[in-house]
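Asks: I'd like to ask some things about the structure below.
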Amino acid sequence: MKILAIETSCDETSVAVVEDGYKLLSLVVNSQIDIHKAFGGVVPEIAARSHIEVMLPVVTQALEEAFAETNKRHMTKDNSQTSNVRDLWSQIDAIAVTQGPGLLGSLLIGVLTARTLAWVMNKPLYPVHHILGHVYANWLTRGEWVVNSGEGKPTTTHQSLPTKAPEFPVLALIVSGGHTQLMLGTDHENWQVIGRTSDDAVGEAFDKAAKVLGLPYPGGISLSKLAQNGDSSAYPLPTPKVAEKYGFSFSGLKTALLRAVQKECGKTHDFPSFELAALLNDVQKANFAASFESTAIKYLVSKTKLAFEEFKPKTFILGGGVAASLPLRKALSDALPIEIEYAPQILCTDNAAMIGARAYYQMQSEDPIDPRTLEVKPSWPL
Ligand code: KG4
Ligand code: ZN
């Protein structure tokens, strides 16, 4: 069962072909980081326009790469291709697309593309929840693949995937720019959120903390890089407190960092926060980054450990953009009494392969949706 999957919930235009829910035949991720860098964050209108520009080339590239071997057989002596797009499409069994949550304009481009292709190519269409996609990135297993930047050049070569699929019950910690939640899955159809953030997502907090420290977009990654050279005990920050046993809160931690920076600079809260970074030297910045990162990680790990002890899952999985954080992975591996296989970093940030993996399991129990009626769901609680 080969699924062509499309993901455009934020600022990545991604298309993948996934076979039987685990085998990655191709993955193209066209990032808009360079476009949004100048603005210090994602500009929704610009993101949507960029999705429109690259959507069809990215679809074509993912198809061509998935069936490169078949393609070769169609090459003529002068290397011009005789296989056409319809030959490639004949090998696809279904289409999957991120329906939400995400940016309205961005989602619309992916969903409209999927609807049109499903209609014209006469393929069943499956809408996928973005967060379940992040969970199912961990079902992409057994093998290696080459990821492509969307410009015809591989950006990363031959990363290896986890060796085996997660076993239920599964405890999942999903940490992204828009979500922070602990989830428990008893089978593919039953996923329950056991705790979520009541305010900022952890990725959002990383991004905002990075802004206070004057670090370039994308902030979470910049902060994490800088933290490697810092002393995490330099500025003790308070661990957030929430009433819910498995709930999270990150806005207080972000404010605590801001207050600590103000104090270090000898400024009060009426001083413009965007001017604070210029008053810090490199060592202070690295120490703030390390202190923030370690507090956030300790907090995530302590709640996860608590949930692990109560629910005793067979597998623990980590998903979402912040799952790319190596210190977070190490802290979880040290804290949980179980062997954890992490997905490669490229499959933790937004990508279409995870959408194709999740769609395969939906296909086992759900009917496809009418391509004429599928609508986007910018906010869609699980
Ligand atoms: O899942 P994702 O790609 O997009 C959303 O669905 O939100 O997550 C993006 C988030 C951003 O907030 C980014 O700063 C954060 O993941 N992130 C990181 C790291 N890499 C990405 N945060 C901390 N450390 C990292 N290494
Ligand atoms: Zn995401």
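Asks: Along the charge dipole of region 238-291, pointing to its positive end and built from +1/-1 on Cβ of Lys, Arg, Asp and Glu, which listed residue (A286, V242, L257) has its Cα farthest out?
Replies: Positive-most Cα among the choices belongs to V242.
Asks: Quick one: putting +1 on the C-beta of Lys and Arg, -1 on the C-beta of Asp and Glu, what dipole do you get for region 202-286 around its Cα centre, in Debye to the nearest 20? Numbers along the way, then the final one.
Replies: Details: 10 positive and 8 negative charges, 32 e Å.
I would put it at about 160 debye.
Asks: Given the pairs K211/K267; K254/K377; K263/K285; K225/K305; K225/K285; K208/K312, which span a C-alpha to C-alpha distance of over 23 angstrom in this model? Spell out each step's value before the answer.
Replies: Numbers: K211/K267 17 Å; K254/K377 29 Å; K263/K285 14 Å; K225/K305 26 Å; K225/K285 11 Å; K208/K312 34 Å.
Cα-Cα > 23 Å for K254/K377; K225/K305; K208/K312; rest within.
Asks: What residue among A335, M55, T268 has its Cα farthest toward the positive end of the dipole of the chain, where the charges are +1 on Lys, Arg and -1 on Asp, Glu, each on the Cβ?
Replies: Working it through, the farthest residue towards the positive pole turns out to be T268.
Asks: For region 242-360, give the magnitude of the charge dipole about the Cα centre (Cβ charges: +1 Lys/Arg, -1 Asp/Glu; no others), in debye to the nearest 20. Walk me through the intermediate numbers first.
Replies: Details: 14 positive and 12 negative charges, 44 e Å.
Taking the Cα centre of region 242-360 as origin, the dipole is about 220 debye.
Asks: Using a simple charge model, +1 on the beta-carbon of Lys and Arg, -1 on the beta-carbon of Asp and Glu, nothing else, what dipole does the chain show about its Cα centre, in debye to the nearest 20?
Replies: Details: 34 positive and 40 negative charges, 100 e Å.
With Lys and Arg at +1 and Asp and Glu at -1, about 480 debye.
Asks: Here is a further query. Is it possible to state the helix-based mean residue ellipticity at 222 nm for the chain, with each DSSP H run of 4+ residues giving -39500 (n - 2.57), the sum divided by total residues, to the nearest 500 deg cm²/dmol? What is it?
Replies: On the way: 13 runs with 155 residues, N = 382.
After summing the helix terms and dividing by the residues of the chain, the value is -12500 deg cm²/dmol.
Asks: Quick one: what does P(r) look like for region 169-298 with 5 Å bins over all Cα pairs, in whole %?
Replies: Whole-percent P(r) values from 0 Å outward: 2, 11, 20, 22, 17, 12, 8, 5, 3, 2, 0.
Asks: In cubic angstrom, how much convex hull volume per residue do the alpha carbon atoms of the chain span? Let's see the in-between values first.
Replies: Values: hull volume 53.9 nm³, N = 382.
It is 141 Å³ per residue.
Asks: Over the alpha-carbon set of region 327-382, divide Rg by the Kirkwood Rh and report the Rg/Rh ratio to two decimals.
Replies: Working: Rg = 16.6 Å, Rh = 14.9 Å.
My calculation puts Rg/Rh at 1.12.
Asks: From the residues A323, A38, A68, which one has its Cα farthest along the dipole of the chain in the positive direction, the dipole being from +1 and -1 charges on Cβ of Lys/Arg and Asp/Glu about the Cα centre?
Replies: A323
We did not get these values from a lab; they are worked out from the coordinates using the rules stated. Remember, it's a predicted structure, so these values are computed and weren't measured experimentally. Because the Cβ atoms are built from the backbone with ideal geometry, glycine has one as well, and the counts that use them run over all protein chains shown.
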